[in-house]
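Worksheet: one structure, shown below.
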Amino acid sequence: MRKRLIAGTSVAVVAAIAVAFLALRGHRGEASRGSLRGLAASAEAGEAAPRGETRAAGTGMAAIEHASKAGKYLFIFLYRDATGETGAMRKVFRAAMAKASDKAEWVEANVADPSEQPLVRKFNVSRAPMPLVLALAPNGAITGGFPAEFDEEKLLGAFVSPCMAQCLKSLQDRKLVFLCVQNQATKSNAAATAGVRDFKADSRFSQATEIVTLDPTDKAETKFLGQLQIDPKTGEAITVFLAPPGAVIAKFEGATDKNMLVATLQKAMAACGSGGCGPSGCQ
(Lines give C-alpha, C1' and ligand atoms only; values in the text may rest on other atoms or scores of the structure.)
Protein backbone atom coordinates (compact mmCIF):
# COMPACT_ATOMS: atom_id res chain seq x y z
CA MET A 1 0.00 0.00 0.00
CA ARG A 2 1.39 3.37 -0.97
CA LYS A 3 0.50 6.71 0.52
CA ARG A 4 1.33 10.15 -0.80
CA LEU A 5 0.57 13.40 0.97
CA ILE A 6 -0.16 16.22 -1.43
CA ALA A 7 1.83 19.38 -0.94
CA GLY A 8 0.72 21.59 -3.81
CA THR A 9 -2.69 20.12 -4.48
CA SER A 10 -4.45 21.40 -1.41
CA VAL A 11 -3.69 25.01 -2.32
CA ALA A 12 -5.39 24.84 -5.71
CA VAL A 13 -8.36 22.83 -4.55
CA VAL A 14 -8.93 24.70 -1.32
CA ALA A 15 -8.85 28.02 -3.17
CA ALA A 16 -11.77 26.86 -5.28
CA ILE A 17 -13.61 25.25 -2.38
CA ALA A 18 -13.04 27.78 0.40
CA VAL A 19 -13.85 30.87 -1.64
CA ALA A 20 -17.56 30.54 -0.94
CA PHE A 21 -17.06 30.08 2.78
CA LEU A 22 -14.87 33.16 2.96
CA ALA A 23 -17.38 35.18 0.98
CA LEU A 24 -20.04 34.50 3.58
CA ARG A 25 -17.89 35.64 6.46
CA GLY A 26 -18.04 39.34 5.79
CA HIS A 27 -18.60 39.96 9.49
CA ARG A 28 -14.94 39.08 10.00
CA GLY A 29 -13.98 42.23 8.13
CA GLU A 30 -11.22 42.86 5.65
CA ALA A 31 -9.57 39.48 6.26
CA SER A 32 -12.36 37.90 4.26
CA ARG A 33 -12.02 40.43 1.50
CA GLY A 34 -8.30 39.86 1.04
CA SER A 35 -8.56 36.07 1.09
CA LEU A 36 -10.72 35.75 -1.98
CA ARG A 37 -9.50 35.20 -5.50
CA GLY A 38 -12.57 36.81 -7.00
CA LEU A 39 -14.34 39.91 -5.79
CA ALA A 40 -17.84 40.79 -6.78
CA ALA A 41 -20.34 43.55 -7.01
CA SER A 42 -23.74 44.35 -8.39
CA ALA A 43 -26.33 47.04 -8.50
CA GLU A 44 -29.80 48.33 -8.65
CA ALA A 45 -29.41 50.79 -11.50
CA GLY A 46 -31.71 50.59 -14.48
CA GLU A 47 -29.57 48.35 -16.67
CA ALA A 48 -31.14 46.23 -19.35
CA ALA A 49 -31.59 42.59 -18.39
CA PRO A 50 -29.96 39.88 -20.51
CA ARG A 51 -32.05 38.44 -23.27
CA GLY A 52 -33.61 35.05 -22.72
CA GLU A 53 -35.69 33.55 -19.94
CA THR A 54 -32.84 32.96 -17.52
CA ARG A 55 -33.87 35.39 -14.79
CA ALA A 56 -35.71 33.52 -12.05
CA ALA A 57 -38.96 34.98 -10.79
CA GLY A 58 -39.85 35.46 -7.14
CA THR A 59 -37.60 35.49 -4.10
CA GLY A 60 -34.07 34.15 -3.88
CA MET A 61 -35.23 31.00 -2.13
CA ALA A 62 -37.80 30.31 -4.85
CA ALA A 63 -35.09 30.88 -7.47
CA ILE A 64 -32.85 28.28 -5.80
CA GLU A 65 -35.59 25.67 -6.00
CA HIS A 66 -36.45 26.55 -9.60
CA ALA A 67 -32.85 26.36 -10.84
CA SER A 68 -32.24 23.09 -9.02
CA LYS A 69 -35.29 21.47 -10.59
CA ALA A 70 -34.16 22.72 -14.00
CA GLY A 71 -30.69 21.23 -13.45
CA LYS A 72 -29.07 24.65 -13.84
CA TYR A 73 -26.69 26.81 -11.88
CA LEU A 74 -28.08 29.83 -10.08
CA PHE A 75 -26.19 33.11 -9.71
CA ILE A 76 -27.49 35.29 -6.90
CA PHE A 77 -26.77 39.01 -7.01
CA LEU A 78 -27.05 40.37 -3.45
CA TYR A 79 -27.03 44.08 -2.73
CA ARG A 80 -28.01 46.53 -0.01
CA ASP A 81 -28.44 49.87 -1.78
CA ALA A 82 -28.37 51.50 -5.21
CA THR A 83 -24.93 53.05 -5.06
CA GLY A 84 -22.89 53.83 -8.15
CA GLU A 85 -20.72 50.78 -7.46
CA THR A 86 -23.79 48.58 -7.33
CA GLY A 87 -25.03 49.88 -10.66
CA ALA A 88 -21.66 49.44 -12.34
CA MET A 89 -21.23 45.88 -11.12
CA ARG A 90 -24.78 44.93 -12.03
CA LYS A 91 -23.90 45.76 -15.62
CA VAL A 92 -20.98 43.29 -15.45
CA PHE A 93 -23.14 40.68 -13.74
CA ARG A 94 -25.90 40.83 -16.34
CA ALA A 95 -23.44 40.71 -19.21
CA ALA A 96 -21.98 37.50 -17.78
CA MET A 97 -25.44 36.02 -17.25
CA ALA A 98 -26.32 36.66 -20.89
CA LYS A 99 -23.35 34.50 -21.89
CA ALA A 100 -24.34 31.71 -19.51
CA SER A 101 -28.06 31.60 -20.27
CA ASP A 102 -27.89 28.03 -21.58
CA LYS A 103 -26.71 26.60 -18.26
CA ALA A 104 -27.56 29.12 -15.58
CA GLU A 105 -30.39 31.18 -14.15
CA TRP A 106 -29.97 34.32 -12.09
CA VAL A 107 -31.76 36.39 -9.51
CA GLU A 108 -31.18 39.70 -7.73
CA ALA A 109 -32.01 40.10 -4.05
CA ASN A 110 -31.92 43.11 -1.74
CA VAL A 111 -30.69 41.88 1.66
CA ALA A 112 -32.78 44.60 3.35
CA ASP A 113 -36.00 43.24 1.84
CA PRO A 114 -38.03 41.36 4.49
CA SER A 115 -39.07 38.76 1.90
CA GLU A 116 -35.41 37.87 1.31
CA GLN A 117 -34.54 37.21 4.97
CA PRO A 118 -34.75 33.40 4.57
CA LEU A 119 -32.08 33.71 1.87
CA VAL A 120 -29.97 36.02 4.03
CA ARG A 121 -30.14 33.56 6.92
CA LYS A 122 -29.42 30.54 4.73
CA PHE A 123 -26.12 31.97 3.54
CA ASN A 124 -25.34 34.08 6.62
CA VAL A 125 -24.76 37.23 4.56
CA SER A 126 -26.38 39.88 6.76
CA ARG A 127 -22.97 41.44 7.45
CA ALA A 128 -21.16 40.39 4.29
CA PRO A 129 -19.59 43.06 2.07
CA MET A 130 -21.97 44.17 -0.66
CA PRO A 131 -22.65 43.80 -3.46
CA LEU A 132 -22.02 40.07 -3.43
CA VAL A 133 -22.54 37.35 -6.02
CA LEU A 134 -22.97 33.70 -5.05
CA ALA A 135 -22.87 30.86 -7.58
CA LEU A 136 -24.77 27.68 -6.77
CA ALA A 137 -24.53 24.35 -8.61
CA PRO A 138 -27.76 22.44 -9.27
CA ASN A 139 -27.12 20.30 -6.17
CA GLY A 140 -26.91 23.41 -3.97
CA ALA A 141 -23.13 23.54 -3.63
CA ILE A 142 -21.67 27.04 -3.50
CA THR A 143 -19.07 27.11 -6.24
CA GLY A 144 -18.12 30.77 -6.03
CA GLY A 145 -18.46 33.82 -3.81
CA PHE A 146 -17.49 37.24 -5.13
CA PRO A 147 -17.77 40.32 -2.90
CA ALA A 148 -16.97 43.94 -3.82
CA GLU A 149 -15.57 43.64 -7.38
CA PHE A 150 -15.64 41.02 -10.12
CA ASP A 151 -15.45 40.60 -13.86
CA GLU A 152 -17.18 38.33 -16.35
CA GLU A 153 -14.29 35.88 -16.45
CA LYS A 154 -14.42 35.28 -12.71
CA LEU A 155 -18.16 34.77 -12.69
CA LEU A 156 -18.09 32.36 -15.61
CA GLY A 157 -15.26 30.50 -13.89
CA ALA A 158 -17.67 29.43 -11.13
CA PHE A 159 -18.89 26.46 -13.17
CA VAL A 160 -17.29 23.25 -11.89
CA SER A 161 -17.39 19.57 -12.83
CA PRO A 162 -20.14 17.26 -11.48
CA CYS A 163 -17.76 15.41 -9.15
CA MET A 164 -16.27 18.62 -7.83
CA ALA A 165 -19.80 19.91 -7.15
CA GLN A 166 -20.54 16.70 -5.22
CA CYS A 167 -17.40 17.14 -3.14
CA LEU A 168 -18.16 20.80 -2.50
CA LYS A 169 -21.71 20.05 -1.34
CA SER A 170 -20.56 17.42 1.12
CA LEU A 171 -17.73 19.60 2.43
CA GLN A 172 -20.12 22.52 2.86
CA ASP A 173 -22.41 20.18 4.77
CA ARG A 174 -19.41 19.65 7.08
CA LYS A 175 -18.73 16.11 5.98
CA LEU A 176 -15.55 14.20 5.28
CA VAL A 177 -15.18 13.14 1.65
CA PHE A 178 -13.41 10.21 0.02
CA LEU A 179 -12.98 10.80 -3.69
CA CYS A 180 -12.40 7.40 -5.27
CA VAL A 181 -10.72 7.81 -8.68
CA GLN A 182 -11.13 4.52 -10.52
CA ASN A 183 -12.84 2.70 -13.39
CA GLN A 184 -12.84 -0.76 -14.96
CA ALA A 185 -9.32 -0.24 -16.28
CA THR A 186 -7.68 0.69 -12.97
CA LYS A 187 -6.11 -1.84 -10.63
CA SER A 188 -6.86 -2.42 -6.92
CA ASN A 189 -10.39 -1.00 -7.11
CA ALA A 190 -11.87 -3.28 -4.45
CA ALA A 191 -8.83 -2.94 -2.19
CA ALA A 192 -8.88 0.83 -2.59
CA THR A 193 -12.48 1.12 -1.47
CA ALA A 194 -12.27 -1.50 1.29
CA GLY A 195 -10.80 0.82 3.89
CA VAL A 196 -13.03 3.67 2.80
CA ARG A 197 -16.20 1.62 3.22
CA ASP A 198 -15.03 0.28 6.58
CA PHE A 199 -14.38 3.86 7.69
CA LYS A 200 -17.86 4.97 6.67
CA ALA A 201 -19.40 1.92 8.35
CA ASP A 202 -17.89 2.98 11.67
CA SER A 203 -20.63 4.59 13.79
CA ARG A 204 -18.22 7.39 14.72
CA PHE A 205 -18.00 8.56 11.11
CA SER A 206 -20.97 7.14 9.21
CA GLN A 207 -23.20 10.22 9.35
CA ALA A 208 -20.36 12.58 8.54
CA THR A 209 -18.72 10.78 5.63
CA GLU A 210 -19.49 10.75 1.91
CA ILE A 211 -17.95 8.64 -0.85
CA VAL A 212 -17.72 10.09 -4.36
CA THR A 213 -16.55 8.03 -7.34
CA LEU A 214 -14.81 9.67 -10.30
CA ASP A 215 -13.96 7.99 -13.59
CA PRO A 216 -10.51 9.35 -14.58
CA THR A 217 -11.39 9.08 -18.28
CA ASP A 218 -14.39 11.41 -17.89
CA LYS A 219 -13.47 14.49 -19.94
CA ALA A 220 -15.71 16.68 -17.77
CA GLU A 221 -13.45 15.95 -14.80
CA THR A 222 -10.11 16.71 -16.48
CA LYS A 223 -9.68 20.11 -14.82
CA PHE A 224 -10.58 18.74 -11.39
CA LEU A 225 -8.10 15.90 -11.79
CA GLY A 226 -5.46 18.43 -12.80
CA GLN A 227 -6.08 20.40 -9.60
CA LEU A 228 -5.65 17.16 -7.67
CA GLN A 229 -2.49 16.35 -9.61
CA ILE A 230 -3.90 13.03 -10.78
CA ASP A 231 -3.07 11.63 -14.21
CA PRO A 232 -6.29 10.79 -16.12
CA LYS A 233 -4.40 7.78 -17.49
CA THR A 234 -3.64 6.39 -14.05
CA GLY A 235 -3.50 2.60 -14.02
CA GLU A 236 -4.01 2.37 -10.25
CA ALA A 237 -7.05 3.31 -8.18
CA ILE A 238 -6.45 6.53 -6.27
CA THR A 239 -8.28 7.77 -3.19
CA VAL A 240 -8.27 11.41 -2.11
CA PHE A 241 -9.26 12.22 1.48
CA LEU A 242 -10.80 15.68 1.99
CA ALA A 243 -12.08 17.47 5.10
CA PRO A 244 -14.07 20.69 5.63
CA PRO A 245 -13.80 23.41 4.59
CA GLY A 246 -11.65 22.08 1.75
CA ALA A 247 -8.47 20.54 3.06
CA VAL A 248 -6.87 17.71 1.10
CA ILE A 249 -5.61 15.51 3.92
CA ALA A 250 -3.93 12.82 1.84
CA LYS A 251 -3.89 10.89 -1.41
CA PHE A 252 -3.57 7.11 -1.52
CA GLU A 253 -2.62 4.85 -4.40
CA GLY A 254 -3.97 1.32 -4.28
CA ALA A 255 -5.34 -0.33 -1.15
CA THR A 256 -6.66 1.56 1.85
CA ASP A 257 -7.13 0.45 5.43
CA LYS A 258 -9.61 1.84 7.96
CA ASN A 259 -7.06 2.15 10.75
CA MET A 260 -4.71 4.02 8.45
CA LEU A 261 -7.50 6.41 7.46
CA VAL A 262 -8.46 7.05 11.07
CA ALA A 263 -4.82 7.71 11.94
CA THR A 264 -4.53 10.09 9.00
CA LEU A 265 -7.58 12.03 10.17
CA GLN A 266 -6.31 12.21 13.74
CA LYS A 267 -2.95 13.48 12.56
CA ALA A 268 -4.61 16.15 10.42
CA MET A 269 -6.79 17.22 13.34
CA ALA A 270 -3.76 17.55 15.59
CA ALA A 271 -1.88 19.56 12.97
CA CYS A 272 -4.88 21.82 12.41
CA GLY A 273 -4.97 23.03 16.00
CA SER A 274 -7.67 22.86 18.62
CA GLY A 275 -10.47 23.14 16.05
CA GLY A 276 -9.19 20.19 14.08
CA CYS A 277 -9.83 19.08 10.52
CA GLY A 278 -12.84 16.88 11.10
CA PRO A 279 -16.50 17.21 10.14
CA SER A 280 -16.59 20.50 12.04
CA GLY A 281 -13.88 21.91 9.80
CA CYS A 282 -10.41 23.36 10.30
CA GLN A 283 -10.18 26.27 12.69
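Values computed for the structure shown
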{"quantity": "Close pairs from the stretch 135-155: first more than 15 Å from residue 167 (Cβ to Cβ), partner hydroxyl-bearing (Ser, Thr, Tyr), Cβ under 6 Å, at least 6 apart", "calculated": "135/143"}
{"quantity": "Hits in the stretch 93-122 (condition: assigned to a loop (DSSP other than H, G, I, E, B) and either in contact (Cβ under 8 Å) with a residue 40 or more places away in the chain or among the hydroxyl-bearing types (Ser, Thr, Tyr) (or both))", "calculated": "100, 101, 103"}
{"quantity": "Failed item in (1) assigned by TED's automatic domain parsing to the domain that holds residue 195; (2) modelled with pLDDT of 50 or more, with residue 7 passing the rest", "calculated": "(2)"}
{"quantity": "Hits in the stretch 59-74 (condition: surrounded by 21 or more Cβ atoms within 10 Å (Cβ to Cβ), aliphatic (A, V, I, L, M) and more than 16 Å from residue 122 (Cα to Cα))", "calculated": "67"}
{"quantity": "Qualifying positions in the stretch 245-268 - of a type in the set (A, V, I, L, M) and within 23 Å of residue 141 (Cα to Cα)", "calculated": "247, 248, 249, 250"}
{"quantity": "Residue within the stretch 252-270 that is modelled with pLDDT of 95 or more and either within 23 Å of residue 162 (Cβ to Cβ) or in contact with a Cys (Cβ under 6 Å, 6 or more places away or on another chain) (or both) present", "calculated": "yes"}
{"quantity": "Meets criteria (surrounded by 14 or more Cβ atoms within 10 Å (Cβ to Cβ) and outside any loop (DSSP other than H, G, I, E, B)) for residue 125", "calculated": "no"}
{"quantity": "Residues of the stretch 182-202 satisfying the condition of being assigned to a loop (DSSP other than H, G, I, E, B) and of a type in the set (A, V, I, L, M, F, W, C)", "calculated": "185"}
{"quantity": "Residue tally, condition more than 10 Å from the chain's Cα centre (by Cα) and either in a helix (DSSP H, G or I) or at negative phi (or both), over the stretch 160-181", "calculated": "11"}
{"quantity": "Test: residue 189 is assigned by TED's automatic domain parsing to the domain that holds residue 224 and closer than 27 Å to residue 249 by Cβ", "calculated": "yes"}
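The values are calculated or read from the model by the stated rules, or taken from the named source; none is laboratory data. No experiment lies behind these values; they were computed from the predicted model shown. Note that each Cβ is placed from the backbone with ideal geometry, even for glycine, and that neighbours are counted across all protein chains shown.
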